[in-house]
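Enquirer: First, the structure itself, so that you have it in front of you.
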Amino acid sequence: MDEQRLTAFFKDLHAHPEVSGSEFRTTGKLREALEEAGVRILPSGLQTGLVAEVGGLRPGRVIGLRCDIDALPVCEESGLAYASQNEGVMHACGHDFHASALLGAALLLKEREKELCGTVRLVFQPAEEYGNGAQAVIATGLTADVQEFYALHTYPPFPAGTLGIKEGPVMAAPDAFHIRIRGKGCHGAQPHKGISPVPAAAALTLALQSATGLVVDPFSPAVVTVTHLAAGNTWNVVPEAALIEGTVRTLREADRTALRGRIAAAASACAGAYGCTARFEWEAGSAAVVNDPVLCAAARDIALSMGFAVDRQEDTMSSEDFSDYLKSAPGVFIRVGTGGEYPNHHPRFTADPAALWPAAQFLARLAETRGREK
Ligand code: NI
């Protein structure tokens, strides 16, 4: 494997994106490249995505390197020569870059397998964007003995050659709430004969704007956003029910629990004040991604020794199911500078291919160095 071949592999993946759960071609291409190099692919039963392994010949730690491989339902407008050939689907989050970087690392590690201490478990995870990809991988049991996890993610604010490494929480827990307010429908001209859920829904929407201020320390980031408000369908009928949905983003578990309780309380109080009832539903997402400080320091040292610039990544209230792996072992979610003017998920998002080969080398070195650790 060399830089030219890896770049060609990346461009091919970019041209053939597949959404969560449909990554069949992508999985096939990865499997082919890994098998050609003699990398062991472990039996997992996964429909898409795969888990491979290098090392295990000398004692050492079990290091997990994880990438995601799925694309988004976005119409690409990048103008790249290797733009998506799959209409309406695009690698707008750089998961093609992640998969290629991990493939490169796998092949580099394979070349040095005899000298490797410990085992490197390579996770090519499906369905990060819309699905339960991390949970599906974890359910295979193939990550149960991993002692440290690492993942890279493309990061437009930094140029190629810069890595973002920061200890502590770096991505949020993304929870959803669904509140159904029930009143009693009637004629719009006789509101006293029914109970309108509309004022209750309006009051609750406003009450939720103050939810964070009531329970979260202002120095702790938290978001409550109402994104969906619906009631009725015409002008002269009082509807029976109203629906309010939204998202809660937190970096700390205590804030997450406090906000859940506050929103549930506001829902029943606002509904009750207007003679309605509320049904509150909480849909928990993955936890916040929290980077281990000791492993961050180790990753930073390795990056600097390889000539990378290391910066602190910005916190974001978006989310990543990488946190599911961190329930069983510590790890680091690292941002890899890939330049470009547009953010992740934008139709004009691009990842600089110049960042790819160094990223593969970094992952290989990281796994090799950490595997030797006592
Ligand atoms: Ni992503």
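Enquirer: Can you give the alpha-carbon Rg of the stretch 47-156 over 2.2 N^0.38 Å, where N counts its residues?
Expert: The reported ratio for this selection is 1.19.
Enquirer: For LYS11, list the lysines whose Cα falls under 17 Å from its own Cα; do not include residues on the same chain fewer than 8 positions away.
Expert: Within the straight-line cut-off, LYS11 pairs with LYS29.
Enquirer: Separate question: Given Cα pairs under 8 Å that are at least 6 residues apart, what percent is the relative contact order of the chain?
Expert: 25 percent
Enquirer: In a solvent-free Debye calculation with one equal scatterer on each Cα, what is log10 I(q)/I(0) for the stretch 282-370 at q = 0.13, 0.14, 0.15, 0.22 Å⁻¹, listed in the order of the q values?
Expert: After summing over all Cα pairs, the log10 values are -0.54, -0.62, -0.71, -1.30.
Enquirer: Given the DSSP H assignment, sum -39500 (n - 2.57) over each helix run of at least 4 residues in the chain and divide by its residue total; what's the result at 222 nm in deg cm²/dmol, nearest 500?
Expert: When only DSSP H runs of four or more count, the value is -10000 deg cm²/dmol.
Enquirer: Sticking with this structure for a sec: Please give the direction-averaged projected area of the C-alpha convex hull for the stretch 175-288, in square nanometres with one decimal.
Expert: Averaging across all directions leaves 6.7 nm² for the Cα convex hull.
Enquirer: Grab the beta carbon distance between THR316 and GLU87, set R0 = 35 Å, and tell me the FRET efficiency rounded to 0.05.
Expert: 0.75
Enquirer: List residues of the stretch 218-251, by number, whose backbone nitrogen lies under 15 Å from a label position 7 Å along Cα→C-beta of THR277.
Expert: 240-242
Enquirer: Can you tell me, using C-alpha contacts under 8 Å and at least 6 residues apart, the relative contact order of the stretch 173-283 as a whole percent?
Expert: It rounds to 42 percent for the stretch 173-283.
Enquirer: Please sort by residue number the GluC sites (Glu not before Pro) in the stretch 313-362 whose DSSP state is loop and whose Cβ has at most 14 other Cβ atoms within 10 Å.
Expert: GLU314, GLU341
Enquirer: Another question, then. Considering the options LEU13, ALA364, ALA254, tell which one lies farthest towards the positive end of the dipole of the chain, charges being +1 on Lys and Arg and -1 on Asp and Glu at the Cβ, about the Cα centre.
Expert: ALA254
Enquirer: How far apart, in nm, are the 7 Å Cα→Cβ label points at THR227 and LEU304?
Expert: The modelled label-to-label distance comes out at 3.9 nm.
Enquirer: What distance in nm separates the simple spin-label points at ALA297 and GLN209, each placed 7 Å from Cα in the Cβ direction?
Expert: My value for the distance between the label points is 4.6 nm.
Values in this text are rule-based calculations from the coordinates and carry no lab data. These numbers come from a predicted model, not from an experiment. Cβ sites come from the backbone with ideal geometry, for glycine too, and all protein chains shown count toward neighbours.
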